[in-house]
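What follows is a single structure, written as structure tokens, with notes after it.
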Amino acid sequence: MDQLLSEPPSCIHEGGTWCQQVWQITHNEWLAGSANWLIAKPLTILLIAILAFVVRFAIRRVIDRTTREPEDGDPKKTPALLKPLREKAPELVGPAVVERRRQRAKTIGSVLKSITTVVVYSIAFVLILGELGINLAPIIASAGIVGVAVGFGAQNLVRDFLSGIFMMLEDQYGVGDVVDVGEATGTVEAVGLRITTLRDLNGTVWYVRNGEVLRVGNFSQGFAVGVVDIPVSYDADLGRATELLNEVVSESAEREDLAADILEPPTVLGVEGVTPEAVQLRLTVKVRPGRQWAVQRALRADAMAAFERAGFQPPLKRLFPGAGNP
């Protein structure tokens, strides 16, 4: 029995093994027999960990480079990551658009980094467990059950994140856009994977979950159309009023404070509607996104002032004959 215990392990005769090399150096039976656990497996696990760290670092560096802003600072250039993706308003350049591109690239890059970390480290973890001789089938089955349970419990959270990812990829809206998401309408101040932050006209900040957004009306993509209705009285000369309106808005469009916002000359459409109080004349004008309200107010003020100078009576004058007389 003592002889059997004192016999060296058979692995010392296998050439090129750690067992043989440890036996040749130490002539210790226990160390030689345990060389695979003491040296080979720790080195393999260390190599897997180092390789996973290097792969993750390299992929994250590539993501950082593709999401980085152009070095020459040209606002017309987009980060490399966004070039294959659709952009709703590529012809417009401004501080809000640049910030929108930066945040979009940063968010998508953050998602890609997180996915990279999870995938690389998960693969490394599975390989390490395999080296330790642990049966992975029960662990994978348990992880599947836990994943299903977590999925049911956090389905709203998952939906918010998925909606946020697709919203970023499709460029539905971004920082600086004026949007209508149903319950709230306002200017987008921040866009996240779970929450979009809006500030409405009254200054109220709205936090909208991305998964709850069923439809989005964006007032700030590509161009906008300003619509102005001018009321005139029933006894007014509509032909003369239409001609005057056309002249006034054409002159207003050339003003320095409006010319930068107006993309095409205003178009007077004519009579839009008839109400018990007045006849409505309508004009439309194509403007830069988000500037339609300011242009509408300016054109409406110019038109009403011109009508008053030209002698057109207010629409309700016929109902209050004495109104406006000293």
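The values are calculated or read from the model by the stated rules, or taken from the named source; none is laboratory data. Note that the structure is predicted; figures quoted are calculated from it, not measured. Note: ideal-geometry Cβ built from the backbone for every residue, glycine included; neighbour counts use all protein chains shown. For the accessible areas, the whole protein counts, side chains as well, though only heavy atoms, and no ligand, DNA or RNA atoms are used. Shrake-Rupley method; radii C 1.70, N 1.55, O 1.52, S 1.80 Å.
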Going by amide H atoms built from the backbone, whose H comes under 5 Å of the H on Asp261, apart from near neighbours? none
Which cross-chain or sequence-distant (5 or more) residues have an amide H under 5 Å from the amide H of Gly192, H modelled 1.01 Å from N in plane? Thr197
Keeping the other protein chains in place, figure out the carbon and sulfur percent of the accessible area of segment 102-261, with a 1.4 Å probe. 62 percent
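Express in nm, to one decimal, how much length is gained between Ile50 and Leu129 on full extension, taking 0.36 nm for each residue of separation and deducting their alpha carbon distance.
26.9 nm
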Quick shape check on segment 175-255: root eigenvalues a ≥ b ≥ c of the Cα gyration tensor, a/c under 1.5 is rounded, otherwise prolate if a/b tops b/c, else oblate, and it reads prolate
Counting pairwise Cα distances across segment 194-326, what percent come out greater than 21 angstrom? 53 percent
Using θ = phi - 60° and the Karplus curve 6.51 cos²θ - 1.76 cosθ + 1.60, what whole-Hz ³J(HN,Hα) does each residue of segment 122-133 get, with Gly and Pro shown as x? 5, 4, 4, 5, 5, 5, 5, 4, x, 5, 7, x
Förster radius 25 Å - calculated FRET efficiency between Phe166 and Glu189 (Cβ-Cβ, nearest 0.05): 0.75
Would you kindly state how much longer the chain becomes between Ser250 and Arg300 on full extension, computed as 0.36 nm times their sequence separation minus their alpha carbon distance, in nm to one decimal? 16.7 nm
Calculate, for segment 210-274, the solvent-accessible area per residue in square angstrom, rolling a 1.4 angstrom probe over the heavy atoms of the protein chains. 56 Å²
